[in-house]
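Worksheet: the structure to be examined is printed underneath.
The values are calculated or read from the model by the stated rules, or taken from the named source; none is laboratory data. Please read these numbers as outputs of a predicted model, since none were measured by experiment. Positions of Cβ are backbone-derived with ideal geometry, glycine not excepted, and every protein chain shown enters the neighbour counts. Quick note on the areas: whole protein, heavy atoms, side chains included, nothing else; ligands and nucleic acids left out. Shrake-Rupley method; radii C 1.70, N 1.55, O 1.52, S 1.80 Å.
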Amino acid sequence: MSLIQGLAAHAAGAELLPFKYDPGELGVHEVEIGITHCGVCHSDIHLISNDWGLSQYPFIPGHEIIGTITATGSGVHSLKMGQRVGLGWQSNSCGECEWCQRGLENLCPTAEATCVRRNGGYATRVRANARFVIRIPDALPSEQAAPLLCGGITVYSPMRDHGINPSSRVGIVGIGGLGHLAIQFARVFGAEVTAFSTSAAKESEARALGAHNFVNTRESKAMKEVAGTHDFILSTSNADQDWGVYINSLRPTGTLCFVGVPPSPVALQAFPLIAGIRSVTGSPIGSPNRMREMLDVAARHIITAKTECFPMAKANEAIEKVTKNKVRYRAVLAN
Ligand code: NAP
Ligand code: ZN
């Protein structure tokens, strides 16, 4: 097998530099994907900066991958050469634990991530266990579908778990890569949707994506006005905020669910949780079965990412623009 070329971080927060690695023998249950597109998820930026203490350098980021199958291990029968497929955050699991057996592979204690201690999708090719490589419906164009592989599943899965339906009042905090997909999925579930954003300029686009209401979170008056109005608030923000204000904007029995990772511990008063039986929870990506379901829903209801495409070689430019919250709404790298 020839070397795989990509762009790697060699130290915390460093610019990505060209990097080649030898992928070794293809595993029996692995496939190799020739990458056409890879989204720039904010988790890549957390990994490059080692915000979570998980990163080992050098490594190639990227886990919103679309491409075609270029090699299959001898034990792979579900995928064929040339098929268009996607790969998200997770690239393997044990396959044997209670969670894998239940089809909740994203909860496997030994789950492997596509670009943690291995090399991901800002590259020419990538490998993964075939169970985590998902066929892409024909109706979805690759550039606009790549962000569904992590951003899309991460917002879709908790809305399914929490039974979002036409009677639900859903708030989406942070209208970035994840948030702009969350508005679209919440709308397809039939919910009344409120976008919470620090960026007043995003209001018209948030409404065009399907939000019924828009709250500028920098205006404390606007935040007070929505007190007690939401059943489910999904936070995709990667920044610290006054989370107590969001708890106050929940109806009794409502839930604040974190998918975005703020840097500081989440500080909350117990009393509003007690008085309204309100909950705080979180959610990690989604299982392969959920991903297939999400892609099917996206194809049938035409849910795609609004993208800004960059050539793979300009990954550093894309990362800088994402870091400054300037991308509308997902940067995608193309080979
Ligand atoms: P993104 O595209 O950069 O969007 C994040 C959004 O957060 C921004 O667009 C912005 O929205 C808001 N924000 C940014 N800076 C802010 C600030 N200083 N104060 C308040 N709001 C701010 O990021 P993403 O790719 O959607 O990822 C979001 C988070 O989800 C990251 O922490 C990422 O690691 C995490 N994530 C988690 C999972 C999981 O499995 N749970 C999966 C994927 C990603 P507004 O302009 O609208 O305020
Ligand atoms: Zn991601």
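Computed with a 1.4 Å probe over protein heavy atoms only, the accessible surface of the range 152-282 comes to 42 Å² per residue.
Both the radius of gyration and Dmax for the chain are 19.6, 62 Å, in that order, over alpha-carbon atoms. Sequence-ordered 3J(HN,Hα) estimates for the range 84-96 from the Karplus curve with 6.51, -1.76 and 1.60 and θ = phi - 60° stand at 7, 9, x, 9, x, 4, 9, 10, 6, 8, 5, x, 10 Hz, glycine and proline given as x.
Compute the accessible area per residue over the range 29-110, keeping the other protein chains in place, probe 1.4 Å, unit Å².
Result: 40 Å² per residue.
Counting Cα-Cα pairs of the range 78-205 in 10 Å increments starting at 0 gives whole-percent bin shares of 11, 33, 34, 19, 2. Heavy-atom surface analysis with a 1.4 Å probe gives the range 221-335 a carbon and sulfur content of 55 percent of its accessible area. Got a number for carbon plus sulfur as a percent of the range 123-169's accessible area, 1.4 Å probe? Heavy-atom surface of the range 123-169 belonging to carbon and sulfur, 1.4 Å probe: 45 percent. Note on the chain: dipole from Cβ charges, positive end direction compared against Ala305, His77, Phe19; the farthest Cα belongs to Ala305. Shape analysis of the range 205-335 based on the Cα gyration tensor places the equivalent ellipsoid semi-axes at 31, 19, 16 Å, largest first. For the range 152-282, relative contact order (Cα pairs under 8 Å, six or more residues apart, normalised by length) works out to 21 percent. Less than 5 angstrom separates the built amide H of Phe59 from those of Ala9, all sequence-distant by 5 or more or on a different chain. All distinct Cα pairs of the range 152-282 go into the 1/r average, and the inverse of that average, the Kirkwood radius, is 14.3 Å. With a sphere of radius 15 Å drawn around the Cβ of Leu16, what net charge do the other residues whose Cβ falls strictly inside it have (Lys, Arg +1; Asp, Glu -1)? Charge balance in the 15 Å sphere: -1. On a 0 to 90° scale, report how tilted helix 288-301 is relative to the longest principal axis of the chain, with both axes built from alpha carbons and the result rounded to the nearest 10. With both axes taken from Cα atoms, the answer is about 70 degrees.
The count of lysine pairs in the chain whose Cα atoms are under 19 Å apart, excluding pairs fewer than 8 places apart on the same chain, comes to 12.
Spacing of the modelled spin labels on Ala11 and Gln269, each 7 Å from Cα toward Cβ, amounts to 4.6 nm.
In debye to the nearest 20, how big a dipole does the range 152-282 give about its Cα centre with +1 on each Lys and Arg Cβ and -1 on each Asp and Glu Cβ?
On the way: 10 positive and 9 negative charges, 29 e Å.
That gives a dipole near 140 debye.
Summed over all non-identical Cα pairs, the Kirkwood treatment of the range 1-78 gives a radius of 13.9 Å.
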